[in-house]
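Student: Sharing a structure here in structure tokens format.
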Amino acid sequence: MWQPDILKSKPQDADREAGREYVNVVADYLPDGTVRPVSIKLNDEPALDITRVVSMIHMSTTKQDGAETRYRVKIGDNEHYLFLEDATKHTTPRWFILDGDN
């Protein structure tokens, strides 16, 4: 299965401020408040289906009152970290993945 370069590396615990690639995500919003990503789209590339959410963890950030949710997802045969930034009074929620070099 074809994958963009940024998705070719294994997930890493890296500095989340560097190497962010903001992406379009289709997600299911469940009645209990859980958000489950379904597919990811990078730039003008075809959408990639997320075949499994391996884990999900809520994390605080270094931003003032910031938080995000880290999803470990399976796309094809590979696992990747996908993040959802929580909304603040100055931003709307955004999805991003980390560049594999970080």
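The values are calculated or read from the model by the stated rules, or taken from the named source; none is laboratory data. These figures come from a predicted structure and were not determined experimentally. Note: ideal-geometry Cβ built from the backbone for every residue, glycine included; neighbour counts use all protein chains shown.
Student: Working only within segment 12-40, note down all residues that are charged (D, E, K, R), surrounded by 12 or more Cβ atoms within 10 Å (Cβ to Cβ) and either modelled with pLDDT under 95 or part of a loop (DSSP other than H, G, I, E, B) (or both).
Tutor: The answer is R16, R20, E21.
Student: Of the residues that make up segment 48-55, is at least one at pLDDT below 90 and either within 15 Å of V25 (Cβ to Cβ) or among the β-branched types (V, I, T) (or both)?
Tutor: No, segment 48-55 contains no residue that is at pLDDT below 90 and either within 15 Å of V25 (Cβ to Cβ) or among the β-branched types (V, I, T) (or both).
Student: Now, a different point. Any residue in segment 71-91 that's surrounded by fewer than 14 Cβ atoms within 10 Å (Cβ to Cβ): show its pairings with residues that are in a loop (DSSP other than H, G, I, E, B) and not acidic (D, E) at Cβ separation under 6 Å, as long as the two are six or more apart or on different chains.
Tutor: Every condition considered, the pairs that remain are A87/P93.
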